[in-house]
Amino acid sequence: MEDPPREGPVPDAPGLELIANALREHVGADVVVETSYYREQACVEVTPSALLAVLKFLKEDQTQGYGFLASVHGVDYLPEAPRLGVHYELLNMRRVERIRVKVRLEIDDPHVASAVELFPTADFQEREIYDFFGVIFDGHPDLRRILMPEDYEGFPQRRDFALGGEPVMFTHNEPEGPGWYE
Amino acid sequence: MTDRSTPTPEEIAEGTSPPDPLGVSYREREESITLSPLGQQIAEQREANRAERGNVSQADTALAPETELLTMNIGPHHPATHGVLRLLTTLEGEVVKETKPLIGYVHTGIEKNCEDKSYWKVIPLIERMDYVSYYFNALAYCMAVEKLLDEEVPERAQYLRVIHLELCRIHSHMVWLGTSALDLGAISMFWYCFRERDNVLDLFEMSSGQRMHTRFFQIGGVFEDIPTGFADKLRDFVQQMPGRIDQFADLLDSNEIFLQRMKGIGAVSEERLLELGVTGPLLRATGNPWDLRKAAPYSSYDDFDFKVPVGTVGDNYDRYKVRLMELYESCKIIEQALDGLPEGPWITDNRKVALPPRHELATSMEALIHHFKLVTEGIRVPAGEVYLPIESPRGELGCFVRSDGSSKPARLHMREPSFVNLQALSDMAKDTYLADLIATLAMLDPILGGIDR
Amino acid sequence: MTPDSANGSDNPGGALPNPFYTDQPGSPEEFRARQLRAREMLKGDIESDDFEKYVEEAVMLTTLDKALNWARSQTVFPMTFGLACCAIEMMSIVSARYDVARFGSEAFRASPRQADLLILSGRVSIKMAPVIRRIYDQMLEPKWVIAMGACSSSGGVFSNYAIVQGADKFLPIDVHVPGCPPRPEALIYGLIKLQRKIKGNPDLGWRERYDAFGTEEYPYGTANAPHDVDLDQLIAERRLQKGNGRPAAGGSSA
Ligand code: SF4
């Protein structure tokens, strides 16, 4: 199947709407929560329960063919309502098109289906998101901490987790110091 | 602030702390690292034996030697792991059956730290992620922020960026070649490669004043124009470099031991690599010419004429050869960029983004105000999210930046190619000898600073 | 000249040593005479075996120590142990341009049992810190540590949840090399400083310097303990002697 070469960043805004419509048609009428086209990048937000079906459709449908999962990242939108977000950067290598699929999760019960079956590359990246944000990927074969020590408590990259570290001692805060230099 | 996941001391004491979200204790999880299906089979057989006889006997533990598996720990301190990588390998005799990388030993929390810095103070931190290709990290981040700002970068800055990127690619490949050859016992390669590396670092030092972590790339351009004499020195370097690469190739390609440990080892099919998200030279070694410099050109890479080297079978030898060929192409790109280096500004003149030149501060009130605003507060970036991928020496290096409209990024995430590529190690090392695992790991070229961030 | 009289500086005027002239400074005979004189002076204070031992230590062993420390300082074997960015610069001190072989430290050892210098080249994360401590404990005495770079010295730019803010929180460090990363020359300079330290203060071991008794792998008071002391009391006494009692935790005196 030959695809005509396209000009400019793809998919463009109408292209994104076409994809959203295809998702509504093939996956479910209410899976698409929102589409956004910002700085020439397409992003479609879907409901968490439909995530796997959406990814599967985008990967396997002939007209879509987003067969490469470039990256998965977790985001903490602190003041906003569904606090956590998981982004999947999909890539169609033949047409060089990128689309971002995102889901938003409640902080109290951050469950989403794991995409490891579909994209084995998600293995480490989902573990990383579990490690840093506490998102639980149901069906992940080996969900455990990956970068932090296994017995670490808390999810350090949530925005309400303190940065940690130690203040640097300058002249102005010298009196509060531990006093070992005397 | 109530973080559900941090139990209070009382809760711990009573044992009523909210359980781990997975409902498994740490100890159980540590013990539950499953290594290989073969090991499981043996364990199951053992269980069955036990159930049959009702007690534990000698026969349970003394299995036939050919089915006995040995779990061996390599690292986190091991001279051949290129950093603090820990590998749990399952061996059957001398043959590797399964490899599990355990990582995180240099986890630095850079992504979190960046959320606490204003946009341009993030650059030095970002450079320290993948510490042999620091220019690439800085570029991915700067381009992502430029995209959020919708900022144009002057032509000269783009060319200067390309020159430094390709120099950095040479630097990265030199470190890779030197240390990999050292792992394989070819010690003289180390000295030759580090000699070239030092030549590259001299150039970096000339243009920016630092050997590593130069912070040369700025949001909107580059920090400084190149000094006089840089171009001549660079030209000398790129003219002598191809000869040096020939020497490296001669040294290694006529070394029978090296070839024995490279050829036909660790081949993984292209489909499997794509499934695992592997990009960069590892993917190109299988014959897939996926290179973002060609596929989605950025920073005026489409002005240059260069080829993308690809391999055929995707074994260790192809990986080595592809990287070696990339060095020639990098030299070619640098030469072209040097020839075509346009005149003009090297950083954008948008005073909301870049500092005004020093001399303006003495004459213009406006410049002083901009300078003050930038230095005290930083750049304000419109709210939004972007993901920007570039081609680093190891594959697709992506930078995700989320801005909430303030002068600090709200979330920053790097898609590190080493982190993703490491998942392929298990497939690559399967059914090879333990000694080949070292060779495969060397050809995978993981940088632990990039993996752990 | 006999080996015992090796310190030629005691030989004023460069006069030729005469083996038959026992008053010749630095000659073995003169040494013996001094020992005997010391014995006379100390009689009554210490007795018998202890006394012999004291005399031997005080008079004979200092020169031997000097020779030993000189030899030690010129053959420091670092360990092949890279943590992060600084490790790349640490590797390059072996390369031809910097050539640390000039200072006798080019033999990097992969095993902690064979090395006597640990170069902490990079950032120390909370996950890595126990491992480093284990490696350090496996090294044989005498051993030294260089903290290379801002990160292992103080945490550097990474003041956050994952990085130990300075490796001297869990290891005694002899030399801090500043820089991010330090140039190879800077690391070599740190190495030379370390050599001076080894040469100049032979008996100033780190345990003395840091009051660091009981930091071995096994706790004091267990069966493996080398000698039977009340650790807390010992440390308190030493502090009292030195007169550098520290303020109680949390309190700071003006
Ligand atoms: S001091 Fe700088 S160069 Fe060294 S490990 Fe730390 S960040 Fe890297």
Restricting the search to segment B:401-410, which residues are buried (at least 22 other Cβ atoms within 10 Å of the Cβ) and in contact with a helix residue (DSSP H, G or I) (Cβ under 8 Å, 6 or more places away or on another chain)? B:VAL401, B:SER403, B:PRO409
Segment B:180-215 - residue that is away from the ligand (no atom under 16 Å from the Cβ) and not in a helix (DSSP H, G or I) and, of those, modelled with the highest pLDDT: B:LEU184
Tell me, yes or no, whether segment B:257-270 has at least one residue that is within 24 Å of the chain's Cα centre (by Cα), of a type in the set (Ser, Thr, Tyr) and over 17 Å from B:HIS164 (Cβ atoms). yes
Take B:ILE226 and tell me if it is buried (at least 19 other Cβ atoms within 10 Å of the Cβ), touching an Asp or Glu at 6+ places or on another chain (Cβ under 8 Å) and touching a residue at least 12 places away in the same chain (Cβ under 8 Å). no
Scan (1) in contact (Cβ under 8 Å) with a residue 40 or more places away in the chain; (2) open to solvent by 40 Å² or more (accessible area, probe 1.4 Å); (3) over 22 Å from B:GLY83 (Cβ atoms) for the single condition B:GLY185 breaks and write down its number. (3)
Just checking, does segment C:112-119 include any residue being within 13 Å of the ligand (Cβ to nearest atom), surrounded by 15 or more Cβ atoms within 10 Å (Cβ to Cβ) and not in a loop (DSSP other than H, G, I, E, B)? yes
Tell me whether segment C:146-158 contains one or more residues that are away from the ligand (no atom under 13 Å from the Cβ) and either more than 10 Å from chain B (Cβ to nearest Cβ) or in contact with a helix residue (DSSP H, G or I) (Cβ under 6 Å, 6 or more places away or on another chain) (or both). no
Restricted to segment C:76-86, and to residues that are open to solvent by 10 Å² or more (accessible area, probe 1.4 Å) and either of a type in the set (Val, Ile, Thr) or more than 8 Å from the ligand (Cβ to nearest atom) (or both), which residue is nearest to the chain's Cα centre (by Cα)? C:PHE77
Any residue in segment B:267-285 that is in contact with a His (Cβ under 8 Å, 6 or more places away or on another chain), open to solvent by less than 10 Å² (accessible area, probe 1.4 Å) and at pLDDT 90 or above? no
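Let's see how each residue does on (1) within 14 Å of chain C (Cβ to nearest Cβ); (2) at pLDDT 90 or above:
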{"position": "B:ILE123", "(1), (2)": "yes, yes"}
{"position": "B:TYR134", "(1), (2)": "yes, yes"}
{"position": "B:CYS142", "(1), (2)": "no, yes"}
{"position": "B:VAL145", "(1), (2)": "no, yes"}
{"position": "B:GLU152", "(1), (2)": "no, no"}
{"position": "B:LEU160", "(1), (2)": "no, yes"}
{"position": "B:HIS164", "(1), (2)": "no, yes"}
Counting only residues that are more than 8 Å from every other protein chain (Cβ to nearest Cβ), give me the strands (runs of 3 or more DSSP E) lying completely in segment A:39-96 with at least 3 of them. A:41-46, A:84-92
Given the options C:GLU141, C:GLU106, name the one that is within 12 Å of another protein chain (Cβ to nearest Cβ), of a type in the set (D, E, K, R), in a loop (DSSP other than H, G, I, E, B) and more than 9 Å from the ligand (Cβ to nearest atom). C:GLU106
Of all residues in segment B:91-121, which are open to solvent by 30 Å² or more (accessible area, probe 1.4 Å) and within 12 Å of another protein chain (Cβ to nearest Cβ)? B:LYS100, B:LEU102, B:ASP116, B:LYS117, B:LYS121
Quick check on this structure: which one of C:VAL131, C:VAL124, C:VAL100, C:VAL94 is within 16 Å of the ligand (Cβ to nearest atom), open to solvent by less than 40 Å² (accessible area, probe 1.4 Å) and at pLDDT 85 or above? C:VAL124
Does B:CYS168 count as assigned to a helix (DSSP H, G or I), farther than 30 Å from B:LEU252 by Cβ and of a type outside the set (D, E, K, R)? no
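The values are calculated or read from the model by the stated rules, or taken from the named source; none is laboratory data. Please read all numbers here as calculations on a predicted model, not as lab measurements. Ideal geometry is used to build each Cβ from the backbone, glycine not excepted, and the neighbour counts take in all protein chains shown. Each accessible area value is taken on the protein alone, full model and side chains, heavy atoms only, with ligands, DNA and RNA left out. Shrake-Rupley method; radii C 1.70, N 1.55, O 1.52, S 1.80 Å.
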